[in-house]
Amino acid sequence: MTATTPGRARQAAWVTSLVVLVLVTAALPVLLMGGQAGGRSLDPADTSLNGSAALARLLQAHGVQVVRVETPSAAVSAAGPFTLLLVTEASLLDRGAAGRLAVAFGDRLVVGSVPYLDVLASGVRRQGPVRARSRAPECTLNEAVRAGAAYTGGTSFTGPPGSTGCYPAGDGRSLVRYTADGHTVTVLGDASFMTNLRLAEDGNAALALNLAGSRPKLVWLAEPGDPDEAGGSGDGTDGQARSLGDLVPGGVKWAVLQLAVAVALAALWRGRRLGPVVAERLPVVVRAAETVEGRGRLYRSRRARDRAALALRAAAADRLAPRLGLPRTATPEEVAVAAATRTGRAPEPLLALLCGPSPGDDTALVALAAHLDTLERQVRDS
Amino acid sequence: MALTGRAGLLAALAAIVVLLAPEPGLVVLAAALVLAVLVTADLLLAGAVRGLRFQRDGERRVRLGQSATIGLVVDNPGARRVRGVLRDAWQPSAAAAPRRVTLDVPAHERRRLVTTLTPTRRGDREAVAVTVRSVGPLGLAARQRTFHVPWTVRVLPPFLSRRHLPARLARLRELDGRHPALVRGQGTEFDSLREYVVGDDVRSIDWRASARRSDVVVRTWRPERDRRVLIVLDTGRTSAGRVGEAPVPGSGPSGWPRLDWSMDAALLLAALAARAGDRVDFLAYDRAVRAQVSGASRTELLSSLVDAMAPIEAELVEADAAGMVAAVLSRARRRCLVVLLTDLNATAMEEGLLPVLPSLSSRHTVVVASVADPRVAGMAAGRGTSEAVYDAAAAERLRGERRGITAVLRRHGVEVVDALPEDVAPALADAYLALKAAGRL
């Protein structure tokens with residue numbers, strides 16, 4: 001006994017730790033998801049802090065058509081003479097794609113640390129990294145002057161001759177606009193003023209609206225995502241329509257598979273018996289009094305008062321006879337008469353008690369039993 | 001082979017890795033492969049169980065209600081240490097403890113494990129199997145094998161009524177030669193002559209011997225000795241009914257079979273009769289002879305009796321009274337005291353024993369001893385409600401039948417002992433002493 005109790009405790013500890021492990025594993029994806037908070041930065045369809053869904057909504061409210069594209073070729077085909085192409089640091093580019101964008105129709109807005117800047121904005125040079133913070137425009141560019149102070153910085157640029165620069169930072173400007181070959185190209189060093197996080201600060205929203213809403217149609221080159229996601233969100237709808245299965249990262253399904261393997265192994269562990277089941281031929285367990293109890297129930301269900309009274313009277317007479325000095329073969333009448341003589345009671349009621357008619361109802365039967373007990377006690381005490 | 005919890009835990013830990021990994025599918029595959037390799041390695045490195053050798057020692061007999069310790073020596077002839085668990089499986093009613101023990105036998109060494117049995121019922125209890133699970137060094141997988149290491153412990157009747165023996169022996173000594181009776185009476189035989197001492201009854205003076213010895217000599221008498229007592233135990237269906245409260249823990253709430261109470265009474269009677277100098281034989285019978293003891297010496301009587309009684313179980317068949325009487329008559333050629341331990345069941349008696357009783361009672365002194373049911377006595381006292389009174393009537397009817405059959409038996413010259421479970425052994429011993437004092441043996 002003493003050996004099994006610590007064994008049980010150890011087993012319980014095992015089971016508990018296993019359960020805790022499973023729970024932690026199940027909770028991990030949720031925690032990890034919360035930490036990432038949506039990874040699609042500067043996406044017009046993303047409502048997280050890094051996304052730009054708010055700006056897209058504002059532009060739509062101001063009558064600007066926002067076209068969300070994911071590939072440079074789609075951007076080129078969507079671009080027209082009266083469109084603005086927005087290229088952000090989240091856009092996926094290679095040199096060839098940058099070249100195709102550079103010759104596409106319409107104006108260009110290049111925001112953040114975009115690669116191949118020399119192709120997209122040929123005259124603009126990077127001056128150096130500067131801290132992004134709220135800065136005053138200090139220039140004559142209408143869009144910037146109307147917006148006022150805004151969260152800019154990131155990289156400072158020097159523009160080509162004839163260009164306009166705003167928001168001075170370090171040796172250069174963090175906003176440069178110039179016109180070449182009929183395209184108006186605007187370059188900004190930091191993109192965070194367009195995010196949902198910063199849009200409400202200072203004049204960020206005004207600056208973003210002024211810059212991105214300068215043309216009736218805005219082609220927004222966003223970060224490529226899942227194919228099914230990119231299809232239906234062309235006009236900047238948010239992610240409410242996605243099902244739970246889409247929200248679960250792909251790794252979780254495999255982890256569930258691995259957990260199933262773990263559960264199967266645990267089942268094998270617990271299911272393996274330590275040796276065979278031992279059978280034993282046991283003796284029958286039957287209480288000797290069962291037949292008597294059955295007979296009692298039978299009397300009760302049939303209301304067999306006559307038989308019950310007979311048995312009680314016979315038993316009382318059997319016990320009385322030796323006490324009264326009568327042989328065991330004495331009839332009930334003889335016993336009744338002898339008992340009357342011994343106790344001094346009238347013989348008629350005793351005759352009726354010991355050999356009268358059977359009781360009419362259960363109450364009479366109970367009373368008969370009590371009277372027989374009284375008579376036996378009187379004879380015993382006399 | 002068998003896996004351990006660690007294998008499952010490892011797989012569960014791998015699930016976390018899968019969750020964080022960039023290529024979860026590959027990790028699942030890799031985890032399965034790694035786990036398979038580790039389990040295989042563990043199985044290969046685990047101590048070999050196939051070659052283990054076992055040896056048992058310990059008790060072969062135990063009284064019901066007491067505990068027996070059985071040793072199991074595990075010999076590991078292999079080259080690797082065998083670590084893990086061992087289960088020494090016995091039949092459930094042997095109540096073996098501990099159920100499993102941790103095992104650690106270094107290579108070429110042996111260890112002794114101890115199992116304690118506290119049986120809950122009479123009979124032969126067998127060791128069924130010894131299972132060894134040898135866990136590998138990583139604790140991931142184990143080799144397992146079951147061995148058959150036979151051992152039988154015979155659980156003897158507890159002989160609880162032996163506490164009544166000293167009082168009965170004292171009664172016996174009053175009858176016996178140690179208090180020699182100076183008056184010849186029934187059931188006495190001549191013992192010896194001795195010198196007269198003041199206080200002896202003058203009527204016991206043997207004048208003829210006194211004349212020869214020129215000294216006053218008295219005769220002493222002693223109770224009859226070397227009578228034969230044949231105890232017959234009815235093992236038919238009526239002996240299976242459970243009555244009273246089991247005096248041994250673990251026997252269940254429904255009481256103890258009549259058979260066990262009867263054995264208790266038989267053991268007390270045998271012990272008493274052996275001390276009184278009588279020869280005791282034993283026969284257990286339902287439709288055939290189940291067990292018998294005959295011609296045992298006085299010193300070995302009790303041990304051979306309990307040994308013969310231990311494996312007897314009640315058979316669920318109607319006892320064959322005619323066959324029983326024939327078996328008794330074939331064994332008891334001289335006049336003897338036949339003690340029949342059965343139930344005073346009216347129908348069974350009328351159809352079975354009563355027709356053949358005269359052939360038995362004409363040649364032998366017969367005592368019928370039966371265990372009454374205290375539950376029936378309790379029911380007979382029930383009053384107050386109609387249910388209780390109906391039950392009381394049923395109980396009184398049964399008791400009336402028992403009284404009737406008792407009266408019939410007594411008319412045949414048979415002594416009847418009908419007592420409650422705890423009282424039947426001393427009541428039977430008293431009946432024996434009364435018969436001995438009356439010289440009816």
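Read-outs: derived from the displayed coordinates by stated rules, not from any lab. Just so we're clear, the structure is a prediction, and the values are computed from it rather than from any experiment. No Cβ is skipped: glycine too gets one built from the backbone with ideal geometry, and neighbour counts run over all protein chains shown.
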Practice problem: Any chance you could check the Cα centroid distance between the range B:381-418 and the range A:72-96 for me, in angstrom? | Solution: 111
Practice problem: Name the long-range amide H neighbours of A:Lys217: under 5 Å, sequence gap of 5 or more, or other chain; modelled H, no Pro or chain starts. | Solution: A:Gln65, A:Leu84
Quiz item: At what distance in nm do the modelled label points of A:Arg133 and B:Val408 sit from each other, each positioned 7 Å from its Cα along Cα→Cβ?
Solution: 12.1
Practice problem: Provide the per-residue ³J(HN,Hα) series for the range B:349-366, in order, calculated from phi with Karplus coefficients 6.51, -1.76, 1.60 and θ = phi - 60°, each as a whole number of Hz, with x at glycine and proline positions. | Solution: 5, 5, 7, x, 7, 4, x, 9, 4, x, 4, 7, 6, 6, 9, 9, 7, 10
Exercise. For chain B, find the longest principal axis of its Cα atoms and tell me its angle to the long axis of helix B:24-45, 0 to 90°, nearest 10.
Key: 50
Quiz item: Using the beta-carbon distance between A:Ala279 and B:Arg56 and R0 = 22 Å, what value does 1/(1 + (r/R0)^6) give for FRET efficiency, to the nearest 0.05?
Solution: 0.55
Exercise. Determine the distance separating the Cα centre of the range A:97-118 from the Cα centre of the range B:323-346; give it in Å without decimals.
Key: 120
Self-check item: Using θ = phi - 60° and Karplus 6.51 cos²θ - 1.76 cosθ + 1.60, couplings along the range B:289-298 (whole Hz; Gly, Pro as x)
Solution: 6, 8, 7, 8, 10, 9, x, 6, 6, 4
Self-check item: Simple label model, 7 Å out from Cα along Cβ direction - B:Arg99 to B:Glu174, nm
Solution: 5.5
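How high is the relative contact order of chain A, in percent, counting Cα pairs under 8 Å that sit 6 or more residues apart? Mind dumping the intermediate values first?
Values: 589 pairs, mean separation 59.4, N = 382.
Reported relative contact order: 16 percent.
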Quiz item: Angle, helix A:332-343 long axis vs. longest principal axis of chain A, Cα atoms, 0 to 90°, nearest 10?
Solution: 80
Quiz prompt | Mean-position separation - Cα centroids, the range B:103-117 and the range B:347-372, in angstrom | solution = 56
Practice problem: With a 10 Å radius around each residue's Cβ, average the other Cβ atoms per peptide and rank A:199-205, B:205-211, A:160-166, B:414-420, highest first. | Solution: B:414-420, A:199-205, A:160-166, B:205-211
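For the protein assembly as shown, give the share of DSSP beta bridges that are antiparallel, in percent and rounded to the nearest 5; count only bridges with both residues there. Show your work: numbers first, answer last.
Working: 76 of 121 bridges.
Around 65 percent of the beta bridges assigned by DSSP in the protein assembly as shown are antiparallel ones.
From the Cα gyration tensor of the range B:294-441, with a ≥ b ≥ c the square roots of its eigenvalues, which class applies: rounded if a/c is under 1.5, or else prolate if a/b is larger than b/c, or else oblate?
Details: a/c = 1.86, a/b = 1.66, b/c = 1.12.
Prolate is the answer for the range B:294-441, as a/c is 1.5 or above and a/b outweighs b/c.
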Quiz item: Length gain on complete extension for the stretch A:Phe105 to A:Leu257, per 0.36 nm per residue less the alpha carbon to alpha carbon distance?
Solution: 49.7 nm
Quiz prompt | Cβ-isolated cysteines (cut-off 4.7 Å), chain A | solution = A:Cys355
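Round to the nearest 0.05 the FRET efficiency obtained for A:Glu348 and B:Arg335 when R0 = 56 Å and r is the Cβ-Cβ distance.
Efficiency, from the Cβ-Cβ distance: 0.55.
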Practice problem: Only Cα pairs under 8 Å and at least 6 apart count here; give the relative contact order of the range A:53-237 as a rounded whole percent. | Solution: 32
Exercise. Note the full-extension length gain between A:Arg57 and A:Asp306 as 0.36 nm times their separation in residues minus their Cα-Cα distance, in nm to one decimal.
Key: 79.7 nm
Exercise. Kindly provide the helix-only [θ] at 222 nm of chain B, computed as the sum of -39,500 (n - 2.57) over DSSP H runs of four or more divided by all residues, to the nearest 500 deg cm²/dmol?
Key: -11000 deg cm²/dmol
Quiz item: What residues have an amide H closer than 5 Å to that of A:Ala132, excluding those fewer than 5 places away on the same chain, when H is modeled at 1.01 Å from N in the peptide plane?
Solution: A:Gly154
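Give the relative contact order (percent, whole number) for chain B; include only Cα pairs under 8 Å separated by 6+ residues. List each step's numbers first, then the result.
Working: 892 pairs, mean separation 57.4, N = 441.
Value for chain B: 13 percent.
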Self-check item: For the range A:312-322, 3J(HN,Hα) per residue [Karplus equation, 6.51 cos²θ - 1.76 cosθ + 1.60, θ = phi - 60°, Hz, x = Gly/Pro]
Solution: 5, 5, 4, 5, 5, 5, 4, 6, 6, 3, x
Exercise. Subtracting the Cα-Cα distance from 0.36 nm times the residue separation, let me have the gained length for B:Tyr196 to B:Ser362 in nm, one decimal.
Key: 55.5 nm
Quiz prompt | Modelled FRET efficiency - R0 30 Å, A:Leu92 with A:Leu23, Cβ distances, 0.05 increments | solution = 0.20
Quiz prompt | Helix-only mean residue ellipticity at 222 nm for chain A, each DSSP H run of n ≥ 4 adding -39500 (n - 2.57), per residue, nearest 500 | solution = -14500 deg cm²/dmol
Quiz item: Using modelled amide H (1.01 Å from N, peptide plane; none on Pro or chain starts), what sits under 5 Å from the amide H of B:Val338, excluding residues fewer than 5 places away?
Solution: B:Leu230, B:Thr365, B:Val366, B:Val367
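Quick one: plug the Kirkwood hydrodynamic radius of the range A:53-237 (C-alpha pairs) into Stokes-Einstein at 4 °C, 1.567 mPa s, and report D in µm²/s. Mind dumping the intermediate values first?
Numbers: Rh = 16.2 Å.
Using the Kirkwood radius from Cα pairs, D works out to 80 µm²/s.
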Exercise. Could I have the simple spin-label model distance between B:Val37 and A:Asn142, label points 7 Å from Cα toward Cβ, reported in nm to one decimal?
Key: 7.0
Quiz item: Binned at 10 Å from 0, what are the whole-percent values of the Cα-Cα distance distribution for the protein assembly as shown, short to long?
Solution: 2, 9, 12, 10, 10, 9, 8, 7, 6, 6, 6, 6, 5, 3, 1, 1, 0, 0
